[in-house]
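Have a look at the structure below, then the notes.
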């Protein structure tokens, strides 16, 4: 059985490879975002930190040699694989009608998504006003759904 630190190192390596060469909307290395999300949920446990690192990997990487649902299951087990899958918005999927409700069903994914949205919102003022308005509406709708689910 792998130690938690070894699993985190493995997840970090996969995340770096999955996001190699990618930058965010501000031109910053995309790995910084996934590391920030992982750091925000690390206090909840190793599984949360790993999902934080890998939360965008399936969506952003099309190379199954780097990351795939099967690879995640083999390397980290079904709990982490299911949470990363829940975090993955599928092609053609409506954000608030399909994606967020599916994500809400997974406790780890729900916490990681909250951290993801908080990180995205923390930097939104650095974008142009049109992007700010579009993304703020999207992120606020998702946060409202997450917060409502947490109150049930």
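The values are calculated or read from the model by the stated rules, or taken from the named source; none is laboratory data. None of the values given here were measured: they were computed from a predicted structure. Neighbour counts are summed over all protein chains in view; Cβ atoms, including those assigned to glycine, are modelled from backbone coordinates with ideal geometry.
Selection within the range 96-113: residues that are surrounded by fewer than 13 Cβ atoms within 10 Å (Cβ to Cβ) and touching a helix residue (DSSP H, G or I) at 6+ places or on another chain (Cβ under 8 Å). The member of this set that is farthest from residue 10 (Cα to Cα) is 96.
Within the range 62-82, how many residues turn out to be buried (at least 19 other Cβ atoms within 10 Å of the Cβ) and within 27 Å of residue 26 (Cβ to Cβ)?
Going through the range 62-82 one residue at a time, the tally reaches 1.
Can you name the residue in the range 22-43 that is out of contact with any strand residue (DSSP E or B) (no Cβ under 9 Å at 6 or more places or on another chain) and part of a loop (DSSP other than H, G, I, E, B) and, of all such residues, is surrounded by the fewest Cβ atoms within 10 Å (Cβ to Cβ)?
27
Take the residues in the range 44-83 that are over 14 Å from residue 12 (Cβ atoms), over 14 Å from the mean Cα position of the chain (by Cα) and not in a helix (DSSP H, G or I), then tell me which one is modelled with the lowest pLDDT. Among them, the one singled out is 62.
Reported count of residues in the range 6-21, each being assigned to a loop (DSSP other than H, G, I, E, B) and surrounded by fewer than 14 Cβ atoms within 10 Å (Cβ to Cβ), is 2.
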